[in-house]
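Beneath this line is the structure, given in structure tokens, with notes to follow.
The values are calculated or read from the model by the stated rules, or taken from the named source; none is laboratory data. Not measured: the values here are computed from a predicted model. All Cβ positions, glycine included, derive from the backbone under ideal geometry; neighbour counts span all protein chains shown. Surface areas here come from the heavy atoms of the whole protein model, side chains and all, with no ligands, DNA or RNA. Shrake-Rupley method; radii C 1.70, N 1.55, O 1.52, S 1.80 Å.
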Amino acid sequence: MRITAALLEKPSSPFRITDVELSAPGPDEVLVRVVAVGICGTDLEFANFFPTPALLGHEGSGVVEAVGSRVTDLAPGDRVAMSFTSCGTCSSCRHGAPAYCRSFDALNFSGRRADGSTAVTFAGQDVNAHFLGQSSFASHVVAPVRAVVRLRPDADLDLAGPFGCGFQTGAGGVLNVLKPAVGSSIAVFGAGAVGTAAVIAASLSGCSPIVAVDIDARRLEAARVAGATAVVDASAGDAAGALRDIVPGGLDFAMDTTGHEKVLRTAVEALGPLGHAGVIGIGPSESMSFEWRSVLNGRSITGIIAGASVPQTFIPQLLDLHAAGRFPVDPLITSFCFEEINEAVNALRNGEVTKAVLRLPR
């Protein structure tokens with residue numbers, strides 16, 4: 001079938017709205033009509049080097065239109081969000097940790113299905129798609145059933161997409177990995193969509209103090225509204241000193257969402273004895289280094305993918321919290337028409353918006 005997509009024809013180039021061909025879903029796949037899709041920092045990062053032509057996007061939500069012959073738990077008409085995919089058979093998947101699937105990179109970042117094929121072509125040429133289980137910068141997606149999360153019939157699809165990655169990642173990093181006890185101190189480095197979701201999760205956990213660290217005053221204010229009890233403007237100078245003033249004995253927990261080596265070093269060195277740092281950010285730094293004494297006294301560092309979540313259970317839980325007014329992410333979202341994808345990307349890169357969501361024609 002012919003669909004509309006935002007195609008990346010060359011690395012770092014603007015997206016081009018054009019028609020592409022999409023094949024029918026395979027036995028374990030579903031066809032989803034996309035209603036809305038968030039733009040994540042991972043999309044922007046991979047747009048710089050992903051093999052082209054490419055179809056990115058991995059925070060899609062929509063309505064199932066068709067299912068493969070072996071799909072039994074989804075049906076046409078179901079409202080769904082989409083997240084990463086996993087093999088379902090490796091030791092990590094069998095033990096309820098699909099975010100650490102042994103085939104995660106091959107299934108989510110190769111641009112192809114597990115058998116090497118692609119569902120998307122353009123002018124007779126294969127398109128690298130299947131990005132994080134979906135490639136949802138398009139009007140329709142063929143996704144593996146393991147990447148699809150059924151939602152309540154009244155789910156707000158304009159809102160649900162970012163829960164498939166950004167909000168799930170930030171919240172899951174706190175709730176599923178760090179698991180702070182009530183009264184624990186925590187600092188979140190980077191107050192974008194992922195970081196602010198982590199702040200909200202820390203508030204839900206009863207942490208105190210909750211410190212947001214960023215260089216953007218607007219983001220820091222949004223983090224304060226979301227639940228941060230203190231903020232540190234790292235552009236003003238000594239962020240480490242400011243953290244020591246707030247928590248003299250060192251932090252119980254820290255979460256880095258920036259992917260910057262210097263920021264992560266600051267986060268780790270701000271920990272107290274037995275402190276635990278979570279690393280989420282995919283950023284510009286290719287390596288991380290620490291003065292060896294900084295990881296003594298029982299300090300630990302954990303890398304986190306997708307909030308260590310099982311999307312089929314965790315995303316509905318977060319959406320239920322949102323419906324109850326306990327996961328207030330609405331102020332973070334700015335909506336754009338699908339055709340405005342390049343304007344939305346520029347707004348994200350310039351720090352004008354926190355979470356851009358593209359809405360497709362109904």
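Rounded to the nearest 500, the 222 nm mean residue ellipticity of the chain from helices alone is -6500 deg cm²/dmol, with -39,500 (n - 2.57) taken per DSSP H run of at least 4 residues. Note on residue 245: accessible area approximately 130 square angstrom, rounded to 10, probe 1.4 Å, nucleic acids and ligands left out. In loop segments of the stretch 41-137 as defined by DSSP, the trypsin sites (Lys or Arg not before Pro) with at most 14 further C-beta atoms inside 10 Å of their C-beta are 70, 102. Spin-label model, residue 235 to residue 297: label points 7 Å out along the Cα-to-beta-carbon direction sit 3.1 nm apart.
May I ask you to order 204-213, 161-170 by the average number of other C-beta atoms within 10 Å around their residues, highest value first? Please list the in-between numbers first.
On the way: 204-213: 22.0, 161-170: 30.1.
By packing density, highest mean first, the sequence is 161-170, 204-213.
By its C-alpha gyration tensor, with a ≥ b ≥ c as the square roots of the eigenvalues, how is the stretch 87-143 shaped: rounded for a/c under 1.5, else prolate for a/b larger than b/c, else oblate? Could the numbers behind the result be given before it?
Numbers: a/c = 3.28, a/b = 2.20, b/c = 1.49.
Cα axes put the stretch 87-143 in the prolate bin.
What does the net charge come to around residue 21 if you take all other residues with beta carbon closer than 11 Å to its beta carbon, with K and R at +1 and D and E at -1? In short, -1.
From the P(r) of the stretch 190-269, could you give the percentage of C-alpha pairs in the tail past 22 Å? Please report the intermediate quantities before stating the final value.
Values: 390 of 3160 pairs.
Summing the P(r) of the stretch 190-269 above 22 Å gives 12 percent of all pairs.
Taking a ≥ b ≥ c as the square roots of the eigenvalues of the Cα gyration tensor, an a/c ratio of 1.5 or more together with a/b no larger than b/c marks the stretch 279-362 as oblate.
Taking every full run of DSSP H in the chain, the ones that stretch at least 15 Å from end to end by Cα along their long axis and average -1.0 or higher on the Kyte-Doolittle scale are 193-204, 311-323. By a 1.4 Å probe calculation restricted to protein chains, residue 321 has an accessible surface near 40 Å², given to the nearest 10.
Would you please classify the overall shape of the stretch 50-90 from the alpha carbon gyration tensor, given that a ≥ b ≥ c denote the square roots of the eigenvalues, rounded means a/c under 1.5, and beyond that prolate means a/b larger than b/c while oblate covers the rest? Walk me through the numbers before you get to the answer.
Values: a/c = 2.07, a/b = 1.38, b/c = 1.50.
Verdict is oblate for the stretch 50-90.
Only alpha carbons enter this Debye calculation for the chain, each as an equal point scatterer, and the log10 of I(q)/I(0) it gives at q = 0.08, 0.14 Å⁻¹ is -0.37, -1.11. Give me the net charge for the shell around residue 293: Cβ to Cβ below 14 angstrom, other residues only, Lys and Arg +1, Asp and Glu -1. Charge balance near residue 293 sits at 0.
Which loop-located GluC sites (Glu not before Pro) does the stretch 229-292 contain, where loop means any DSSP state but H, G, I, E or B and the Cβ has at most 13 other Cβ atoms within 10 Å?
On the way: sites: 261, 269, 286, 291; in loops: 286, 291.
Of the GluC sites (Glu not before Pro), the ones in loops of the stretch 229-292 whose Cβ has at most 13 other Cβ atoms within 10 Å are 286, 291.
The phi torsions of the stretch 31-38, fed into the Karplus equation with coefficients 6.51, -1.76 and 1.60 and a -60° offset, translate into couplings of 9, 10, 7, 7, 9, 8, 8, x Hz, rounded to whole numbers, with Gly and Pro shown as x. Rg/Rh, computed from the Cα trace of the stretch 1-100 with Rh as the Kirkwood radius, has the value 1.00.
Rounded to the nearest whole Å³, what is the per residue volume of the convex hull around the Cα atoms of the stretch 215-315? Mind dumping the intermediate values first?
Details: hull volume 12.9 nm³, N = 101.
Considering the Cα atoms of the stretch 215-315, their hull volume per residue is 128 Å³.
Could you give the length gained on full extension between residue 73 and residue 9, defined as 0.36 nm per residue of separation minus the Cα-Cα distance, in nm?
On the way: separation 64, 0.36 × 64 = 23.04 nm, distance 3.57 nm.
Fully extending the segment from residue 73 to residue 9 adds 19.5 nm.
Annotation: the antiparallel percentage among DSSP beta bridges lying fully within the chain is about 55. Taken over the stretch 263-316, the alpha-carbon convex hull comes to 100 cubic angstrom per residue.
Heavy-atom accessible surface of residue 189, to the nearest 10 Å², is about 10 Å², with a 1.4 Å probe and all protein chains retained.
Note on the stretch 248-306 and the stretch 168-196: Cα centroid distance 13 Å, given to the nearest whole angstrom.
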